[in-house]
Every structure is written in structure tokens, then in C-alpha cells.
Amino acid sequence: LINYKHIDTDGNAVINTDDTLAISLNYGQLVMRGGGGGGGGAPISVEADTANPGDTIHLALLLGDDINQVADAYGLAFTLHYDPMIVEPGTFEIEYLDSWMGNVNDMLAFNRNLNAAGAYQSAYTRLDGINQSGFGQIGTVSFTIQDDIIARDAVIMPLSFSNVRLISAQET
């Protein structure tokens, strides 16, 4: 049994981007509850690349691969960590693309950049109640490298994921 009581946050009987306002207004508040998910599953990653100080870089956001394909995906949430000493403040962002997950016009995304902490929190979901399966690029991670890091010979900026949650339309 799927519990739909919190989907329509503005109460107008339509589920759309206006429903993210309640999430935004209450963002960061904690409610303790039981439960938890298992580990494993399809990988989520960002393609590696090289760039120079001052460059804006665009990296593919990948979910699943040809060996570990995603089955029955409906929504995705995660935190992507980066080094705020390397990234120009306010430039780190994720843009979702039309992909195997669905057409962006038929999906809902919510993002929050916690720049000082070097964390970008994102959630992305379908709206039609139909699971999708596949693998590959679902979006693009973009940021500008600060131009005042020239004094360093080479800088490696690892990107890491935490709190990754993938859910089916049946809430599994």
C-alpha cells in the first residue's frame, strides 16, 4: 500500500513543482523515525575530467552501468560532496537531462547547494507512477574552478556520494 498523504504538499490536488515549496520552507528540520535501507545496488558516479583554474567544467552524472543496471527506478536522492576551496562559490549545480529515467518535463527535481560545507543535495523523481529500468547518464554536474588556485601544481578534487537512496514506485 502506497502512502500518498505527503505528496501534494500545497493541497491543490495537483502534484507539480509548487509542491516543493513546503520542502524548501522546512528544509534541514529533522524528524526521527525507524526504518532504513539496504546497501549495494547500481552505482552512481560522475565522469572524471581535467580542467584549468577559471574553467567551467561539465561532467556526466551516471546512474548504473552496463554490468549493474538499475531495475524499477522511480526516484533518486543523494548528497554529492566537493571541495569548496576549489569550486567557485555558487557555481556547483546539477542539471537533469532527458534520459532513460524519463523526460525532464515529466519529472520533479529538488536541489540544495550547501556551498560552505561542500555538499550538494539532490532529489529527482518521476510523477507518473511507472518504474523505469536502464543505465547511463541522467544529468550533468557543472562547476567553475576558482582561478586563484594557480599556485598549486596539480589539484585533484574528489567527488563523493553519501545518503544515496533509490526508490521504486512501490516505495521499495
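The values are calculated or read from the model by the stated rules, or taken from the named source; none is laboratory data. Not measured: the values here are computed from a predicted model. Every residue, glycine as well, gets a Cβ built from its backbone with ideal geometry; the counts of neighbours run over all protein chains shown. Ligands, DNA and RNA are stripped out before the accessible areas are found, and what is left, the full protein with its side chains, is counted by its heavy atoms. Shrake-Rupley method; radii C 1.70, N 1.55, O 1.52, S 1.80 Å.
Structural remarks
- Identity of the residue in the range 110-128, over 24 Å from Gln170 (Cβ atoms) and of a type in the set (A, V, I, L, M), that ends up surrounded by the most Cβ atoms within 10 Å (Cβ to Cβ): Ala119
- Condition check for Phe135: within 17 Å of the chain's Cα centre (by Cα), open to solvent by 70 Å² or more (accessible area, probe 1.4 Å) and either within 30 Å of Val14 (Cα to Cα) or modelled with pLDDT of 90 or more (or both): yes
- Hits in the range 74-89 - residues which are open to solvent by less than 40 Å² (accessible area, probe 1.4 Å) and either part of a strand (DSSP E or B) or within 14 Å of Ser162 (Cβ to Cβ) (or both): Gly75, Leu76, Ala77, Phe78, Thr79, Leu80, Tyr82, Val87
- Considering residues of the range 92-104 that are outside any strand (DSSP E or B) and open to solvent by less than 40 Å² (accessible area, probe 1.4 Å) only, the residue farthest from Val46 (Cα to Cα): Met101
- Residue match in the range 152-171 (condition: modelled with pLDDT under 90, over 30 Å from Asp66 (Cβ atoms), open to solvent by 70 Å² or more (accessible area, probe 1.4 Å) and not in a loop (DSSP other than H, G, I, E, B)): no
- For the residues Ala109, Ala123, Ala71, the requirement of being more than 21 Å from Thr50 (Cα to Cα), in contact with a Leu (Cβ under 9 Å, 6 or more places away or on another chain) and assigned to a strand (DSSP E or B) singles out Ala123.
- Of note, Phe110 does not satisfy the criterion of being among the aromatic types (Phe, Trp, Tyr) and modelled with pLDDT of 95 or more.
- Test set (1) over 19 Å from Ala60 (Cβ atoms); (2) surrounded by 15 or more Cβ atoms within 10 Å (Cβ to Cβ); (3) free of Cβ contacts under 8 Å to residues at least 24 places away in the same chain - Met107 fails condition number: (1)
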